[in-house]
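The values are calculated or read from the model by the stated rules, or taken from the named source; none is laboratory data. As the structure is a prediction and not an experimental result, all values here were calculated from the model. Positions of Cβ are backbone-derived with ideal geometry, glycine not excepted, and every protein chain shown enters the neighbour counts.
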């Protein structure tokens, strides 16, 4: 016999206000229905499943207790927000997650009033929540602010900076630490009785609630709670936590999957808090779906899958991914040179460094979500005589830019930057696009900037970077599989600042920088079908430029088109600047630069995103023919 309602509830939920009219028993049933809905939807779309399943009860509890969207709920990173989207009026679109024209895989301000702050990079939630808190206290139309941050994200420096600032401000706000590295399974009766009593008791001070939390627990559970506090804070049990030292009231740990615990704690906190409160909640990634709970990666990022078996649909790649090619090339180089070490910021498998880590575990360093530290750490190793490869996604390297400038380039230290996810990245959308690194790295004295046209070139660039001790050097490469070329056993050390001619012609020159080389080949075919002759060149280097190659292309062609998978102000701008300074823009050869447009490109399949950006083969061909004064008579599909 159960006291849960039997009628399905989720169909009647149009927004969080509906949750606030439900009984606690009904909220438990709703959580089960939300979990099933998320599993079903992600089985069709792919996405971040494990993290979303871990916060189902937390999302239900927050929306049931707080007055969202007047109260501002900020999910750190946002990859765990699928239950939140289901509960906030987007269930009818949940099967469009990460699809072209569909819901973002992260929180997004333009998508819903329930997403007050967009995210996708970690450790920003506490800062944003504090900003909303100050806005409230200065008379803006906003209520309480709640930041939900994971145990990984809270380890980053920005989160601690925000905690320090928030504690010093002393303003009422809520930080929920979602600790999914540890699960607790307390005696439900004792814990529930204590927590329910907190809410039912007369109005008291939040301090007393925090102080009495551990003391009221049964002995074994009290010891577990103290270990949990020490795990998070690094301080011995019995002392104040780091959060308390920073000015927060600390409550926890509590079981994040038990609504009998979550609801009374959140209600009590909302009623009693006068300053900043940190609530420590323990959850399990993949909770409620056995294949996710038992998987090594907890189904962090999955493709489409069979709900019954958990088996993911696997496509057969035509070629190894660029990431794998990099990881294997670096591992071979490391086998020959004991000075080579790898640095990653919480992404060993994402960057391919896990391949080297398996063979040389003592030579790969995962610094956590700390790109700033990782860059300077690598600089220190370079200063010691080691040969560090700092492997970071383009979009995340932005977070360590001051360190690239001040600690690497200024000191001319030979740090090797392996920049993954260059260009547009598909379903993760604009938050993860590698659009800006060419411009921001090429601006730096001493920096060498390379981009791989294909996977063979990537192998050569690993070898080139390994051999380059004269200063910092970077090479970029995209997400996804390569061109399917035969791979050499070892890479060649390229001459710094020297490009290559891939194909010779006479009318139009296409100068590709990076992995759009394959699309440029297609464009050359379209152009030749119009009767024009094409030279295709691979620049390899944005800095230093192959000035001789560029001038040769300029002298012998009617039009020169530069093409890159990056923003304005990158390779094409560098070429134009160089030619203008030498007075070579005299109109005898028409120049065009093709870059990503001056806007962010929404998530879709990569080919569709590049078509949206005006960088398809048809776009390149049309631009080149127009510049040369030749009309494009027939076209192909842009996608």
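Would you confirm whether any residue within region 115-128 is surrounded by 23 or more Cβ atoms within 10 Å (Cβ to Cβ) and in a helix (DSSP H, G or I)?
Looking through region 115-128, at least one residue is surrounded by 23 or more Cβ atoms within 10 Å (Cβ to Cβ) and in a helix (DSSP H, G or I).
Looking at 424, 487, 413, can you tell me which residue is within 21 Å of residue 544 (Cβ to Cβ) and either in contact with a helix residue (DSSP H, G or I) (Cβ under 7 Å, 6 or more places away or on another chain) or assigned by TED's automatic domain parsing to the domain that holds residue 360 (or both)?
That would be 413, the only listed residue that is within 21 Å of residue 544 (Cβ to Cβ) and either in contact with a helix residue (DSSP H, G or I) (Cβ under 7 Å, 6 or more places away or on another chain) or assigned by TED's automatic domain parsing to the domain that holds residue 360 (or both).
Confirm whether residue 456 is in the same structural domain as residue 411 (by TED's automatic domain parsing) and either without any contact (Cβ under 8 Å) to a residue 40 or more places away in the chain or at positive phi (or both). If you could, list the steps in order and put the result at the bottom.
Working: in the same structural domain as residue 411 (by TED's automatic domain parsing): yes; either without any contact (Cβ under 8 Å) to a residue 40 or more places away in the chain or at positive phi (or both): yes.
The answer is yes for residue 456.
Can you name the residue in region 134-159 that is under 17 Å from the mean Cα position of the chain (by Cα) and in a loop (DSSP other than H, G, I, E, B) and is also farthest from residue 51 (Cα to Cα) among such residues?
Only one residue fits best here, namely 156.
Checking the condition over 26 Å from the mean Cα position of the chain (by Cα) and surrounded by 23 or more Cβ atoms within 10 Å (Cβ to Cβ), which residue from 61, 32 passes?
61
Can you pull out every residue in region 531-549 that is in contact with a helix residue (DSSP H, G or I) (Cβ under 7 Å, 6 or more places away or on another chain) and surrounded by fewer than 18 Cβ atoms within 10 Å (Cβ to Cβ)?
547
Determine, yes or no, whether residue 110 is at pLDDT below 90, in the same structural domain as residue 41 (by TED's automatic domain parsing) and either under 16 Å from the mean Cα position of the chain (by Cα) or over 25 Å from residue 268 (Cα atoms) (or both).
Working: at pLDDT below 90: no; in the same structural domain as residue 41 (by TED's automatic domain parsing): yes; either under 16 Å from the mean Cα position of the chain (by Cα) or over 25 Å from residue 268 (Cα atoms) (or both): yes.
No; evaluated as a whole, the condition is false for this residue.
Kindly state which helices (runs of 4 or more DSSP H) lie completely within region 1-79 and contain at least 3 residues that are without any contact (Cβ under 8 Å) to a residue 12 or more places away in the chain.
Fully inside region 1-79 and qualifying: nothing.
Has region 460-467 got at least one residue that is part of a loop (DSSP other than H, G, I, E, B) and in contact (Cβ under 8 Å) with a residue 12 or more places away in the chain?
No: region 460-467 contains no residue that is part of a loop (DSSP other than H, G, I, E, B) and in contact (Cβ under 8 Å) with a residue 12 or more places away in the chain.
Is there a residue in region 161-179 that is without any contact (Cβ under 8 Å) to a residue 40 or more places away in the chain and buried (at least 19 other Cβ atoms within 10 Å of the Cβ)?
Yes, some residue in region 161-179 is without any contact (Cβ under 8 Å) to a residue 40 or more places away in the chain and buried (at least 19 other Cβ atoms within 10 Å of the Cβ).
Using the structure shown, decide if residue 515 is surrounded by fewer than 23 Cβ atoms within 10 Å (Cβ to Cβ), outside the structural domain of residue 119 (by TED's automatic domain parsing) and assigned to a loop (DSSP other than H, G, I, E, B).
So residue 515 fails the test.
Please give the helices (runs of 4 or more DSSP H) falling wholly within region 550-639 in which 3 or more residues are surrounded by fewer than 22 Cβ atoms within 10 Å (Cβ to Cβ), outside the structural domain of residue 441 (by TED's automatic domain parsing) and modelled with pLDDT of 95 or more.
Of the helices (runs of 4 or more DSSP H) lying wholly inside region 550-639, those with at least 3 residues that are surrounded by fewer than 22 Cβ atoms within 10 Å (Cβ to Cβ), outside the structural domain of residue 441 (by TED's automatic domain parsing) and modelled with pLDDT of 95 or more span 571-581, 617-627.
Specify the residue that is surrounded by the most Cβ atoms within 10 Å (Cβ to Cβ); the eligible residues are those in region 472-488 that are in contact (Cβ under 8 Å) with a residue 60 or more places away in the chain and farther than 21 Å from residue 426 by Cβ.
Across region 472-488, the extreme among qualifying residues is 472.
List the number of the failed condition for residue 175; all other conditions in (1) over 16 Å from residue 250 (Cα atoms); (2) modelled with pLDDT of 90 or more; (3) more than 20 Å from the chain's Cα centre (by Cα) hold.
It fails just one condition, (1).
Among the residues of region 424-442, write down those that are crowded, with 24+ Cβ neighbours inside 10 Å, at pLDDT below 95 and not in a loop (DSSP other than H, G, I, E, B).
434
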